[in-house]
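**Student:** Below is one structure. I have some questions about it.
Derivation of every value follows stated rules applied to the coordinates shown; laboratory data play no part. A quick note: this is a predicted structure, and the numbers were derived from the prediction, not measured. FYI the Cβ positions are ideal-geometry reconstructions off the backbone, even for glycines, and counts take in every protein chain you see.
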Amino acid sequence: MASATHLITDDEAHARPPLESMVVRFAGDSGDGMQLTGGQFTLSTALAGNDLATFPDFPAEIRAPQGTTFGVSAFQINFGSTAIDTAGDQPDVLVAMNPAALKVNVKSLRDGGLIIADEGEFTSRNLTKAGYDANPLDDDSLARWQLVRFNISQLTLDAVKPFGLGNKEALRCKNMWTLGLALWMFDRSRQPIVDWLTTKFAKAPQLAEANIAALNAGHAYGETVEMGASVRQHHIAAAPVEPGLYRTVTGAESLAVGLVAGAQLAGLDMLFGSYPITPASPLLHHLSRLKEFGITTFQAEDEIAAICAAIGASYAGKLGITSSSGPGIALKTEAIGLAVMTELPLVIVNSQRGGPSTGLPTKTEQSDLYQAVYGRNGDAPLPVIAARSPADAFDCAIEACRIATRYMTPVMLLTDGYIANAAEPWKVPEMSGYAPFPVHFHDDAPPVGEGVMPYARNEDLARPWIRPGTPGLEHRIGGIEKAPVSGNIDYSPEAHAEMTRLRAAKVANVAHSIPDQQVCLGNEGGRLAVVGWGSTFGPIHQAVRRARLRGLDVAHIHIRHIAPMPKNMSVLLKGYEHILVPEMNSGQLKTILRDQFLVDACPLAKTTGQPFTIAEIEAAIEGMLR
Amino acid sequence: MNEVVKLTAKDWASDQEVRWCPGCGDYAVLKAVQRTMPDLGTAREKTVFVSGIGCSSRFPYYMASYGFHTIHGRAPAVATGVKLANPELDVWIITGDGDALSIGGNHTMHLLRRNLDCQLLLFNNEIYGLTKGQYSPTSRIGTRTPSTPFGSVDRPANPCSFALGAGARFIARAIDVHKSLPDVLKDAHGHRGASFVEIFQNCVVYNDDVFASFTAKEFAADRQLWLTQGEKMLFGGGTKGISFDRERMVLTIVDAADSGVLVHDRKNRTLAQLLIEMPATAGFPVALGVIYEDPAPTFESAVLDQNRTIAAGKKPDLQALVAKGQSWQVEKEPRAE
Ligand code: SF4
């Protein structure tokens, strides 16, 4: 099975000083193309063999007013010659394309870090919009950092002059100029970007040439202009990784191909029902292009119709999948109950964002765990699994399809806005290494006179999957309580008690087909376990690594199967004196661990809509062990 | 192939005990459907009844086909998934006035606009029966119920107007106990696309005789206009007809012998609207039968056609898919030497 995350090797865990890495943040106006710049820089970094993690951070408004602080869009990348698990606590380099970008981002730059500013944009008008009284490039306010300024806007205009673009279009090439400079700084090849620009602007060769000229000009500027000691070329060696074929992948991409793989391994066509919502929509976009894999995508009239169509498709013998973010999952809740009751396979993907209500649509949070585990009317248990990284989302998607079809149950698959948008290198999995789990449709008609038994159960307690169209097995199902085995409407106390028990026991049985919980860094048992789930994997892993380097007795446990938990979880947790649970919510996994295992799990809550920094978790570890 | 034995109404009845109130109009509809099914020639295993919530939504349990009793208002959405997953299935949606027009109004609208190939039977009894008699979106102003003890004040929805506005390509009306119901059902089934059928259904317990002003025997002739394609719009035992006043752009009642009596043309959408909204207060009859039919491509066929066209010639190569995009080969561990 492909390893999805960057587990630190023993050698690396003990390497001192830490191998070289670098954190760069590109920040500009939403219209400046920073996400594109970041994306292309990521690609060139991956091609150079560095390990990396990224953090795109963009505003909720599509076209926020230009030059304002709330219109700032940023892209952070951490790359290095060692295993990289987070987008980095503090940038070493900040590229600020305007005053607002500087204002919003400079606070997080590490002391002594490098600011590269486009002074051409530091006009009095833009300074006012960003809320600066005086030009920070001219006073001492940036003294803690190293500042390099040049007029990127003008340099870009000069570079693209031969192509006769209008002023506005010419200035759009600024991001490529900046990217060119960054490529020079980190000794990266320009060719992949040139290829990409040529393809992207195939229909407008003039724009392709202008952008390539800007890219080259930025690169040449680094090479020829003396910018002072602070701006020099860095060479970061390739990270030690297993040999093989690699690609960069965002969580949305890996999730999409993971769902495709899951359906194929089950031998099923897929119906993907979805309604547009941030940050879940990219999944719909990816899948809608993959029709040759037997995928039908259905953009429904609302969240409820999206899941109901998926349920209808599962009923008819396809793999129904639906996807949304917290508010949309809330709308789907009643239908999830229907899938629990009718015991149909269904995968529900929740790309979590900050909540409640509309909350923080473009920021990340893991605050829908209660919703996933408990959030339905009635006793309505279902399996919940959580992806820890973009690459891990692939395996989790396959796992969700496996559980849904084997146990005839809806499965909640949790990811979040950070995972969906972040990119990391991914060792392309060998699909032949994945065991298929073909679905068997029940098609044995009972002898005449004997009834169909749609709620008979196999040894997993799963009921048979009977497709309409199968002769002799006509039957009716629905959301009303039913008798065991026959499935006929039955409100009797015995029937409800027995069916409630069976539905729960079936979901509990999933624990028999999932692996035992592993400790991903450190020892089984000891003073402290840091227990996480989802996208906090990176910062927890690095924080535990650092603490262990300092001799602290701490281990990292990261839970994929949240419901039901792996069978060894109780024993494993009870082997530690203390348990720390860092979460981007106010303590939800903590509650579940306390409830299920009666352990003293201590919360470490973060609810800012930003991922944890390594330092925050490190400090908490130290606090627990002092 | 063996000679197919023609099924009977009994073959379409499930073994479940029917549990509507004695005298409920639902019984008559159930009988009519069970009686019609053998004539349609679709096998039981290929037939799926999908319902929402409400008295009428228990319907699928009583049919010997496949059936799915879903959640309130969502039958059209579930049916869409069923049909997209397997277009060969013959899908019937059973719903009511509250289910289809209140909680599920959105889905009904989109089902009709997309034109999913199915039959939607809306049992309109102008009341919430299952929840014990609250007024519904089709209840007339002044309807006194437990939730409107002083009479309802909101204007009712006209189901067929709603359907027409939503883009339905087949609209019909029928009465639970009327002998023409099977014919309407056959026409609905024969139409490719979403067939919208409003059935006036008497709720004996909470809204008894609410349609009696045109369904009762003594008023039937005068207040029912049964439409037949290509035939004159006559009622009142053949004494009266419907005509069009060009100046005022409204329908009028004329003598049957009048040369202006309209001939029914199912394809005429403007006429359909006028027929649907004939004001009972002005002495007009209620238009019944197939009011409008103008076939258009169906949703599931459009989806599948596109799926097929786009997928044509492409190999579903999973290994190639996971490796897609810009990739690079790492030959050996850089620091392994
Ligand atoms: S309440 Fe009314 S509609 Fe419901 S079953 Fe009884 S009579 Fe029929």
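**Student:** In what order do A:T128, A:T362, A:T500, B:T281 fall by count of nearby beta-carbon atoms within 10 Å, going from fewest to most?
**Tutor:** B:T281, A:T128, A:T500, A:T362
**Student:** Per q in 0.17, 0.23 1/Å, what log10 I(q)/I(0) does a Debye calculation on the alpha-carbon atoms of segment A:121-171 return?
**Tutor:** Calculated log10 I(q)/I(0) at the listed q: -0.68, -0.89.
**Student:** Which far-off residues, 5 or more places away or on another chain, put their amide H under 5 Å from the one on A:I84, with H placed in the peptide plane?
**Tutor:** It is A:L52, by chain and number.
**Student:** Please list the non-local residues whose amide H lies under 5 Å from the amide H of A:V95, H modeled 1.01 Å from N, same-chain partners needing a gap of 5 or more.
**Tutor:** A:R25, A:F26, A:A27, A:I116
**Student:** If you add up the charges near B:A311, with Lys and Arg at +1 and Asp and Glu at -1, over every other residue whose beta carbon is less than 14 angstrom from its beta carbon, what do you get?
**Tutor:** Here the count lands on +1.
**Student:** Here's another thing I want to ask about it. Report ³J(HN,Hα) in whole Hz for each residue of segment A:514-521, in order, from the Karplus equation J = 6.51 cos²θ - 1.76 cosθ + 1.60 where θ = phi - 60°; Gly and Pro get x.
**Tutor:** 10, x, 4, 5, 9, 8, 8, 7
**Student:** Return the tail of the calculated pair distribution for segment A:30-75, meaning the percent of Cα-Cα pairs more than 18 Å apart.
**Tutor:** Here the long-distance tail beyond 18 Å is 36 percent of all Cα pairs in segment A:30-75.
**Student:** Follow-up. Quick check: convex hull over the Cα atoms of segment A:239-308, volume per residue in Å³, rounded to an integer?
**Tutor:** Expressed per residue, the convex hull around the Cα atoms of segment A:239-308 is 111 Å³.
**Student:** Below 15 angstrom from the Cβ of B:R144, what's the summed charge of the other residues (Lys, Arg +1; Asp, Glu -1)?
**Tutor:** Local net charge: -2.
**Student:** Follow-up. So for A:S153, A:S389, fewest C-beta neighbours within 10 Å to most, what's the order?
**Tutor:** A:S153, A:S389
**Student:** A further question follows. Once phi is turned into ³J(HN,Hα) by the Karplus curve 6.51 cos²θ - 1.76 cosθ + 1.60 with θ = phi - 60°, what whole-Hz value does each residue of segment A:35-47 show in order, with x for glycine and proline?
**Tutor:** Computed from phi, the couplings for segment A:35-47 are 5, 5, 4, x, x, 6, 5, 4, 4, 5, 5, 4, 5 Hz.
**Student:** Take the alpha carbon atoms of segment A:276-295, find their center, do the same for segment A:175-209, and report the distance between the two centers in whole angstrom.
**Tutor:** So the two Cα centres are separated by 28 Å.
**Student:** Follow-up question, since we're still on this one. Read phi for every residue in segment B:92-107 and hand back ³J(HN,Hα) as whole Hz from Karplus 6.51 cos²θ - 1.76 cosθ + 1.60, θ = phi - 60°, with x for Gly and Pro.
**Tutor:** 10, 10, 10, 8, x, 5, x, 4, 8, 10, 9, 5, x, x, 4, 5
**Student:** Let me ask something additional. Hey, what did segment B:10-210 get for relative contact order, percent, Cα under 8 Å, at least 6 apart?
**Tutor:** Relative contact order for segment B:10-210 comes out at 21 percent.
**Student:** Under 5 Å between amide hydrogens, which residues at least 5 positions from B:T148 or on another chain qualify, with H placed 1.01 Å from N in the peptide plane?
**Tutor:** Sorted by chain and number, the residues that satisfy this are B:Y135.
**Student:** Moving to a separate point now. In chain A, if the dipole is taken from +1 on Lys/Arg beta carbons and -1 on Asp/Glu beta carbons about the Cα centre, which of A:T415, A:A213, A:G312 is farthest to the positive end?
**Tutor:** A:A213
**Student:** Which of rounded, prolate, oblate describes segment A:290-383, given a ≥ b ≥ c as roots of the alpha-carbon gyration tensor eigenvalues and a/c under 1.5 marking rounded, otherwise prolate only if a/b is larger than b/c?
**Tutor:** Oblate, because a/c is 1.5 or more while a/b does not exceed b/c.
**Student:** Continuing with this model, one more query. In a solvent-free Debye calculation with one equal scatterer on each Cα, what is log10 I(q)/I(0) for segment A:471-626 at q = 0.10, 0.21 Å⁻¹, listed in the order of the q values?
**Tutor:** -0.48, -1.28
**Student:** Averaging over all projection directions, find the projected area of the Cα convex hull of segment B:10-210 and quote it in nm² with one decimal place.
**Tutor:** 10.1
**Student:** Using 1/(1 + (r/R0)^6) with R0 = 25 angstrom and r between the beta carbons of A:Y370 and A:L598, what's the FRET efficiency to the nearest 0.05?
**Tutor:** The computed FRET efficiency comes out at 0.85.
**Student:** Name the residue farthest towards the positive end of the dipole of the protein assembly as shown from the options A:S141, A:S81, A:A239, assuming +1 on Cβ of Lys and Arg, -1 on Cβ of Asp and Glu, about the Cα centre.
**Tutor:** Of the candidates, A:S141 comes out farthest on the positive side.
**Student:** Putting +1 on Lys and Arg Cβ atoms and -1 on Asp and Glu Cβ atoms, find which of B:A320, A:A261, A:H442 reaches farthest to the positive end of the dipole of the protein assembly as shown.
**Tutor:** A:H442
**Student:** By count of other Cβ within 10 Å, fewest leading, how are A:F79, A:F186 ordered?
**Tutor:** A:F186, A:F79
**Student:** In addition: Compute the helix-to-body angle for B:75-85: its Cα long axis versus the longest principal axis of chain B, expressed 0 to 90° and rounded to tens.
**Tutor:** Helix B:75-85 and the main axis of chain B meet at about 40 degrees.
**Student:** Continuing with the same structure: What do you get when you divide the Cα radius of gyration of chain A by 2.2 N^0.38 Å, with N the number of residues?
**Tutor:** Scaled against compact globular proteins, the figure is 1.04.
**Student:** Please give the contour-minus-distance gain from B:A312 to B:D39: 0.36 nm per residue of separation, less the Cα-Cα distance, rounded to one decimal in nm.
**Tutor:** 94.5 nm
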